[in-house]
Structure formats: structure tokens, C-alpha cells
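One structure below.
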Amino acid sequence: MEPGLNGLIEKAKKAALEVLLHNNKGPFMNLPRTAGWGYPEPYTRDLMISALGVLLTGNDILISSLRRVFQTLAKNQTRLGHISSIVHDPEESGASDTTPLFLMAIKIFREFTGEDDFLEEAVKKALTWMEYQSPRDRILVAQLPTSDWRDEQWVLGYGLFVNTIVYTYLKLFSLDKQASALKKKITARLSIKEEDGKHYTEGGLKIKFKPYYALWSYKIYNSERFDLLGNSLAILSGIASPSRSLNMISWIEEECQKLKNNGDLVIDLPPNFFPFINPGDNDWRHRYAKFNPPGDYHNGGVWPFICGFYIAALVAAGRYKLAEKKFEALTKLIQFVNTAKVEFGFNEWFKAQDGKPKGQDWQTWSAAMYLYSAECIKLKRTPFFDKIRAE
């Protein structure tokens, strides 16, 4: 650890708690807001992910508020069991990740509080809903483009991120048979296309000669670009074997160094996605020019909350020194501010090529995942996920 950095880390942790308390009550039914001044809405996926850090604070106010979030989501659950994208609004439906994130977070909440039957009816309905999200009953869950956290990026069919969350909640709920079947599908080879283009073998997300899992796959179509969040969760949850996890981490660090050498990355933390999609690429879309350019937003921006997951994955893989190094980099990064006048910005995302904050300041999940990764560094373990990997 760099000299004097311990003091900065302690200040950052206090600031992160301040962010969570500040955002604890927003203008919609007094539910938490997603960012300090922008995003007043209580976005479901953000709050479910933030639960990892919120619970570790042990703060009664925050935990009580999280309970209200779960209760409101259950009240607004659709007849068939789907969880809305915005906590208070049952009309905001269609997201592929909100229901699995709800199941993951509520099981962790149950174990933390000891309330084993908390919102049992809503949980059963959500589990049933998820069973119907698998075309041809292949266990792998499918999604439509822009339906997960990446609202400006196409992930079609069997997406890695959503399926790692599904695997995580299946393990948490001790649904081991289903979890084992899902892991087998994820770790199967990508679809194999025949030369005539008419026949294929429907596979999983494992890429030949590469240590990470594909962004998505469906029949003969797929993307082999790297998804940091999905692959970090693959390590954390134990989908990736210990040896594959170590190889993946080495690959990530090597590829990030190449990005730095090319001038595409100035931050000592990995982008959420690479290689970037550039104009002229087969998967480039017209809207990306304005909303998702290379090195920005979902197309290679550096997201602090995802870096928190990566740091946790490093701890899970036993790469403690590297985890400390990345945590130091994250501690420095979260100081940068876009528009607010605060000491720690906890900004939403940063442009890879120049390191400037481009999103909303005091983002809830940026603060929560900083606290979660800080605890992982301190304990040299990964709360809530250790049990899954041990099994």
C-alpha cells in the first residue's frame, strides 16, 4: 500500500457511506435515488447491486430502506412474476436483469437478517418467471438487446452477465441441480457453424483459445468481445475454475497494457468492455456515434461499480497484491468530480482515453461497490460469494 494511502481510503469509505445516506431518500415514495443529484428514480438493478455494499455497512437506516425497496418491488411485481425496472413503477417492465438481481439480492438479505421466508410469495413467483426465460428449456436465460444494464448496447440471446446472476441465485437458493446444468451450458463451447452456413451445434459461451467467456451467443451468432462485469461474476461465483480465473486475470492485465500502449486507456483499471466497437465493425450501430462511442459509456468506459466487482474477483482468485493495487487505483479515481462540489465524486463512469468523469456524481452503486471491494481487501475474502465457490 502506498504511504499515506490508508488515510485516504478511510476518508473515501466515510464519504461512500455519506453518499448512501444522502441518496437514501429520493422524490419517489421516499425510496433511494440512484445518484446524488441526477437520476432521482429508484432504479431496481442499481439498488439490487448496491445491496452488497449496503448490507456490509451494518447501518440500520440503510438496511431498513433496503427492506422497503424489496417490499415495494414485491408489491409491484407483475402477475407472472417479473420485477419492474424502477422500484415504484409497475409499468416499467421488460428488463432482463432485474428479476435475477432481485432473487440474488433478496436471498443475500435473508441470510444477513436471518429472515428465511421474507417475501416468500414474491420469491416463488420470480423463480417461476425465470424458468420461462429459457428458449427450448436449455437452462440458459435469453434476453433482447438493450434489456440488461447496457441500455445502449446490443446483447442478444444468451448473455453472460444475466446468466452469471442466474447461476449465483440458483446456488444461493441451493437449487444445485439447476445450477450445475446452467454452469455446464455456460462453460460449453460457442456455437459451431458448418461451412454451408445452414447447420450448427448450439453451444455455450466458452471461447476456443481464450480464457474468458463470450459476451453473448445465440445459435450461429455471438460476440467474443470481453465483458468485465460478466466475467468478474464468473470468477466470483465459481463458474470459472481457479486455473481459468488466474489465466483470465493475466489476460485482462495484458490486454489493458496494450490499450495503454495504444493510447486507448489512461486509467490503471480495466474498461467495462473491450475491444471497443468502432465505426465499420460488424456490430457497430448508428446510435453508437452519439450515445456509445469507442471508450465511452458501455463501449469501453471505466465504471467504478464494475471495478469493484473486478477487485472482488481478484480476491476470489487469490491475487491479493493485484487486488490492493487496483483498489488503490479505484480510491484515486473516485475522487474525480464531474460537476458537483464534493471531495469524492463517486462518478458513474469515466472515458477510457482521457480518464475524465462523464456520468453522474455520487452514484449509489459506485459508492456501495467501493465499500464492498474495501471489505474484500480487508478480509481477503468475498462476502456472500465465498460460500458459493466453496460448494
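What follows draws every value from the coordinates through simple rules; no lab data is involved. Bear in mind the structure is a predicted one, so any value in this text is a computation, not a measurement. A quick note on method: Cβ atoms are made from the backbone with ideal geometry, for glycine too, and the neighbour counts reach across all protein chains shown.
Within the stretch 11-23, one or more residues are closer than 25 Å to A340 by Cα and assigned to a loop (DSSP other than H, G, I, E, B).
The set of residues in the stretch 103-118 being outside any loop (DSSP other than H, G, I, E, B) and out of contact with any Leu (no Cβ under 6 Å at 6 or more places or on another chain) consists of L103, M104, A105, I106, I108, F109, R110, E111, T113.
Here's the yes/no breakdown for (1) out of contact with any Asp or Glu (no Cβ under 7 Å at 6 or more places or on another chain); (2) among the small types (G, A, S); (3) part of a helix (DSSP H, G or I):
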site	(1), (2), (3)
N231	yes, no, yes
S245	yes, yes, yes
K260	yes, no, yes
P271	yes, no, no
N278	yes, no, no
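Note on the stretch 58-83: residues that are in a loop (DSSP other than H, G, I, E, B) and more than 11 Å from A126 (Cα to Cα) amount to 3.
Within the stretch 152-177, the set of residues being without any contact (Cβ under 8 Å) to a residue 24 or more places away in the chain and within 19 Å of W284 (Cβ to Cβ) is empty.
Is it true that D151 is within 25 Å of S180 (Cα to Cα) and not in a helix (DSSP H, G or I)?
Numbers: within 25 Å of S180 (Cα to Cα): no; not in a helix (DSSP H, G or I): yes.
No.
Of all residues in the stretch 103-118, those satisfying the criterion of being farther than 21 Å from S85 by Cα and of a type in the set (D, E, K, R) are R110, E111, E115, D116, D117. Of the candidates K325, K341, the single residue that is of a type outside the set (A, V, I, L, M), within 21 Å of N24 (Cα to Cα) and more than 20 Å from the chain's Cα centre (by Cα) is K341.
The rows are residues; the columns are (1) touching an Asp or Glu at 6+ places or on another chain (Cβ under 6 Å); (2) on the phi > 0 side of the Ramachandran plot; (3) not acidic (D, E).
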{"residue": "E131", "(1), (2), (3)": "no, no, no"}
{"residue": "S174", "(1), (2), (3)": "no, yes, yes"}
{"residue": "I207", "(1), (2), (3)": "yes, no, yes"}
{"residue": "I220", "(1), (2), (3)": "no, no, yes"}
{"residue": "E224", "(1), (2), (3)": "no, no, no"}
